[in-house]
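The values are calculated or read from the model by the stated rules, or taken from the named source; none is laboratory data. Source: prediction; values computed, not measured. Here the Cβ positions follow ideal geometry from the backbone for every residue, glycine too, while neighbour counts run over all protein chains shown.
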Amino acid sequence: MLNLRWPLGVLSIALATCLPAGHAAADGTTTTIRLHGVVPTICRAQFSAGQALPNGPIFDLGTLSELCNNLGGYRLILSHAAGFQNATVTVDGLTRPLSSSGLTVLTDATGPALAQRSVSIDFGTDAPSNLRVRIEPKGMIY
């Protein structure tokens, strides 16, 4: 008869040989198995909508999906033309002015995250320009 579960049986035997004998548990000793791995740093940011939808001076950019597995966290930065006056960006209902430098931080995470955020920009009386979003991991990059 063919036993299709032999890999599990082999694993059980291998683990049993690594664990302490029955008398070792009586004297208070324990065994700890630790697994450690290093995975590549992955950070991505992407809008679900292909283009911004204007609603007067407000452009609904849609849903921003962000993923970053960096332990140190990450920053999500919106690049835009410098010098906007009275322009604002709204991320998940929180509104802040666009930076006059042309770089506005949308997210400053302190650890790894997977998130979706709704984003819109109110350019006021200024004309919209090219917008770019980039994600920058903080800390060690593998």
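Observations
- Selection over the stretch 48-95 of residues that are in a loop (DSSP other than H, G, I, E, B), at pLDDT below 90 and over 17 Å from residue 133 (Cβ atoms) gives a count of 5.
- Set side by side, the residues 104, 90 differ, and just one is within 20 Å of the chain's Cα centre (by Cα), without any contact (Cβ under 8 Å) to a residue 40 or more places away in the chain, within 18 Å of residue 57 (Cα to Cα) and surrounded by 15 or more Cβ atoms within 10 Å (Cβ to Cβ), which is 90.
- Counting the residues of the stretch 107-125 that are surrounded by fewer than 16 Cβ atoms within 10 Å (Cβ to Cβ) and modelled with pLDDT under 90 gives 2.
- Of the criteria (1) in contact with a strand residue (DSSP E or B) (Cβ under 9 Å, 6 or more places away or on another chain); (2) small (Gly, Ala, Ser); (3) at pLDDT below 90, which one residue 100 fails: (1)
- Residues that are small (Gly, Ala, Ser), closer than 23 Å to residue 44 by Cβ and part of a loop (DSSP other than H, G, I, E, B) within the stretch 100-135 comprise 102, 111, listed in sequence order.
- Of all residues in the stretch 62-87, those satisfying the criterion of being within 10 Å of the chain's Cα centre (by Cα) and small (Gly, Ala, Ser) are 65, 73.
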